[in-house]
Amino acid sequence: MILVISSTNRPKSFTRKVADHYYSLLQERNIESELLYLEDLPSGFFDAAVYAKKEGEVRNLIDTKLAPAKKFVFIVPEYNGSFPGILKLMIDTVEIKKCFHGKKAGIVGVSSGRSGNLRGIDHLMSVLNHVRVQLMPNQPKLSSIESGIGEDGDLIGDYETRIKKHVEDIAAF
C-alpha cells in the first residue's frame with residue numbers, strides 16, 4: 001500500500017490539492033493507496049505523554065495507516081526554507097522501526113516561490129535516510145504552484161506531467 005501524506009496542517013492548502021490529485025492518479029491506476037492529511041492528526045500527537053505510550057487515535061493511526069504502508073509519498077510544502085514542523089512531529093512521535101525502517105518513499109516539493117521546496121526536500125531526505133527509508137531519486141519540485149493548479153483544483157500542464165511520471169516511478173520502485 002502507498003500512503004500519500006499531505007504534509008501540512010494548514011487548511012485548504014495547495015499541498016492538499018496536490019495530494020488529492022496524486023491520490024486520484026493512483027486510484028485511476030488501481031494502485032492500492034491511502035491518503036493522510038496531517039491537518040487531521042489526532043490531538044494526542046500534541047501531548048508529550050505520546051512519546052512514552054501510544055494509545056487511542058494515535059495507536060489507530062500507526063496501526064491502520066503508517067505501519068501497513070510499504071511506500072510513502074510525502075507532498076511537502078516549503079515552510080521557511082524547510083518542511084513543516086507538523087511532519088517532523090509526526091515522524092518523531094510514531095514507532096520508527098514499525099512505521100519506517102526498510103520502507104520506500106518519494107517526495108514532491110511544493111512552493112509558491114521558485115525553488116519548489118528544494119531545501120525542504122533535502123532536509124526531509126536527511127531525516128528519512130536516518131530512519132532507514134529508501135528514497136526515490138525523482139523528487140519533483142513544483143514551484144509557483146498557484147500557476148500549476150486549474151480552476152477545478154487539479155494540476156495542469158507540466159505540473160500534471162511531472163506528477164504522472166512520479167506516480168509511475170513510485171509504482172515501479
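For the stretch 53-173, what is the charge dipole size about the Cα centre, in debye to the nearest 20, if Lys and Arg each add +1 at the Cβ and Asp and Glu each add -1 at the Cβ? Walk me through the numbers on the way to the answer.
On the way: 18 positive and 15 negative charges, 156 e Å.
It comes to approximately 760 debye.
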Whole-Å distance, taken between Cα centres, linking the stretch 102-173 and the stretch 16-86:
15
List the aspartates and glutamates whose Cα sits under 19 Å from the Cα of residue 98, skipping any in the same chain fewer than 8 residues away.
34, 55, 57, 63
Run the quick spin-label model on residue 48 and residue 152: label points 7 Å from Cα toward the beta carbon, then report their separation in nm to one decimal.
5.0
Cα extents of the chain along the three principal axes, largest first (Å):
46, 33, 29
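Lys and Arg at +1, Asp and Glu at -1: add these up for the other residues within a Cβ distance under 12 Å of residue 69 and post the number. If you can, show how the numbers build up before the last one.
On the way: positive: 65, 70, 71, 98, 103, 104; negative: 32, 34, 63.
After counting each charged neighbour, the total is +3.
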Starting with the highest mean, order 160-168, 11-19, 27-35 by the number of other Cβ atoms within 10 Å, averaged over the residues of each peptide.
11-19, 160-168, 27-35
Compare the Cα positions of 81, 99, 130 along the charge dipole of the chain (+1 at Cβ of Lys, Arg; -1 at Cβ of Asp, Glu; about the Cα centre) and return the one farthest towards the positive end.
130
So what is the relative contact order for the stretch 1-64, in percent, with contacts set as C-alpha pairs under 8 Å and at least six apart?
36
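Values quoted throughout were computed directly from the atomic coordinates according to the rules given, and no laboratory measurement underlies them. These numbers come from a predicted model, not from an experiment. Backbone-built Cβ (ideal geometry, glycine too); neighbour counts: all protein chains shown.
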